[in-house]
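Q: Before I ask anything, let me first share the structure, which is written out below as structure tokens.
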Amino acid sequence: MDPDIVLTVSAVANALDALEVSWAVGGSVASTLYGEPRATNDIDIVAALRQPHVDALLATLRPAFYADTLTVRAAVMTHDSFNLIDERTFLKVDVFVPPDGPMGRGQLDRRRRRNLGDALSICVLGPEDTVLQKLRWFRLGGEVSERQWRDIVAVLRLSQPFDETYLRDTAEAASLGPLLVRAMSDARGQSSS
């Protein structure tokens, strides 16, 4: 894994852990850990932040990170996302504040520990939630991103076993069922090649 990614994730993880905030890495870093390695320019983190955490989080991360305090406060209040910019590595961290419920904070209950580099163990969204997250982004992007699709298929193909019932039920509830069926078919086709 790129040492800059390890440095950036480590700093944010340590800050969240110090505040006892549940968190997990998602996005391309998670799909790389479960699937096939690829380069990425940003890091996605799901974090169960509340308003009382904001000042302490930003105080811990500054001056190494840039973040707009008002944007962070608004994102935490509305369960949206905000960006942190690591001024040492120039990597962007997209922090998603999930709502309560199974597709929100419930993903943090299903997180897993994975090694990121030689010396860092991190929390990562489970492979099921990584696939669901990627399917959502694929749909929002007009279903044209070959990179997102390859990530989805690779996680499905390489991260067995996973909770297929949860994955199918949640995909159906999120209107992603047909995309999941197609991705699972592609994953089966690639594994038999």
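Q: Out of (1) under 20 Å from residue 120 (Cβ atoms); (2) within 19 Å of the chain's Cα centre (by Cα); (3) surrounded by fewer than 19 Cβ atoms within 10 Å (Cβ to Cβ), what's the single condition that is false for residue 85?
A: Tallying (1) under 20 Å from residue 120 (Cβ atoms); (2) within 19 Å of the chain's Cα centre (by Cα); (3) surrounded by fewer than 19 Cβ atoms within 10 Å (Cβ to Cβ), residue 85 fails exactly one: (1).
Q: Condition (residue is more than 20 Å from residue 28 (Cβ to Cβ), in contact (Cβ under 8 Å) with a residue 24 or more places away in the chain, aromatic (Phe, Trp, Tyr) and not in a loop (DSSP other than H, G, I, E, B)) applied to segment 126-142: is it met by at least one residue?
A: no
Q: Please state which of the following conditions residue 118 fails to meet, knowing it meets all the rest: (1) closer than 30 Å to residue 4 by Cβ; (2) touching a helix residue (DSSP H, G or I) at 6+ places or on another chain (Cβ under 8 Å).
A: Status for residue 118: all satisfied but (2).
Q: Continuing with this model, one more query. Any residue in segment 6-18 that's in a helix (DSSP H, G or I): show its pairings with residues that are aromatic (Phe, Trp, Tyr) at Cβ separation under 9 Å, as long as the two are six or more apart or on different chains.
A: Partner pairs satisfying both residue conditions: 8/65; 11/65; 12/23; 12/65; 13/23; 15/65; 16/23; 17/23.
Conditions (1) modelled with pLDDT of 95 or more; (2) of a type in the set (A, V, I, L, M, F, W, C), marked per residue:
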position	(1), (2)
1	no, yes
29	no, yes
32	no, no
56	yes, yes
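The values are calculated or read from the model by the stated rules, or taken from the named source; none is laboratory data. From a predicted model like this one, the values you see are computed outputs, not experimental measurements. Please note: Cβ atoms are built from the backbone with ideal geometry, for glycine as well, and neighbour counts cover all protein chains shown.
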